[in-house]
Amino acid sequence: MLLKALYWAGCTLRYRFPDLVEDHVKLLEKIGYEVVKLSDEGCCGDPLLLIGSLDEAERVIHDTSEQIAKANVDLLITGCAGCYHAFKKYREFEARLPPFKHITQALAESLSKFSFAEPKEKVTYHDPCELGRLSGEFEAPRKVLQAASTLIEPLTSGREALCCGGGGGLWAVAPELSIRMAEVRLERDIEPLGVSKLITACPTCLLNLGIAAERRLDVTKRPIEVVELGRYILSRLR
């Protein structure tokens, strides 16, 4: 009997990268989940807390936890690092949600079901703050990427990885500072590696690093493609 998994996209994936949502669903179906999505998916509430809208955040978290509980699924899987951190962080989610995973964890547990193309190409990985430092998940994305590619670590990684500037509400209030932080991340830690692909597992990091990579191209003349981890894995399947 297939496990019934609710796929939770999160606001950034849902509105800015809807094609990645479909990629994630394809991967989860390949693993063997019966995947369901909510047509009226809400918000995890974390962005509201970050900007200080505490009462509104409390209402949203309550409504979202109720919405997920009513879905009556075996498992909750999200493609958003921010949502994953919120699910771990807030007590109301903890009390009402089914077991939950980030998509990198679901993939890492199911690598035996995939066959990857050869030869392996060299890539590097950016640790999202909300998946790594704040949620403690460093191993799963690396396990997946090591199966599909030759992973080269950035000059700072894991708990020491530089923030890309995309989270914490910074992009909304100081977009130029936010993007400049992403440029510094590329300039200091990624470009010296000489790789052409940077993988990340967070839609906010994907957005910010992608903008920064376009700006840096004018300086370096060496393109770096910023790719979401699920999409990269889907592209490497044979």
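The values are calculated or read from the model by the stated rules, or taken from the named source; none is laboratory data. Being a predicted model, the structure only gives us computed values, none of them experimental. We place every Cβ from the backbone using ideal geometry, glycine too, and count neighbours over all the protein chains shown.
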> Going by the structure shown, is ASP46 assigned by TED's automatic domain parsing to the domain that holds PRO99 and either surrounded by fewer than 20 Cβ atoms within 10 Å (Cβ to Cβ) or touching a Pro at 6+ places or on another chain (Cβ under 8 Å) (or both)?
Replying inline: no
> Taking interchain pairs and intrachain pairs at least six residues apart, which have beta carbon atoms under 7 angstrom, with the first residue in region 55-75 and not assigned by TED's automatic domain parsing to the domain that holds ARG91 and the second surrounded by fewer than 19 Cβ atoms within 10 Å (Cβ to Cβ) and in a helix (DSSP H, G or I)?
Replying inline: none
> Pick from region 37-47 the residues that are under 19 Å from the mean Cα position of the chain (by Cα) and either of a type in the set (Gly, Ala, Ser) or not in a loop (DSSP other than H, G, I, E, B) (or both): which of them is farthest from LEU76 (Cα to Cα)?
Replying inline: PRO47
>> Considering only residues that are in contact with a strand residue (DSSP E or B) (Cβ under 6 Å, 6 or more places away or on another chain) and basic (Lys, Arg), which ones fall in region 20-45?
In response: LYS37
> Going through region 87-139 one residue at a time, which ones are more than 13 Å from the chain's Cα centre (by Cα), of a type outside the set (Phe, Trp, Tyr), closer than 25 Å to ARG14 by Cα and part of a helix (DSSP H, G or I)?
Replying inline: LYS88, LYS89, ARG91, GLU92, GLU94, ARG96, ALA108
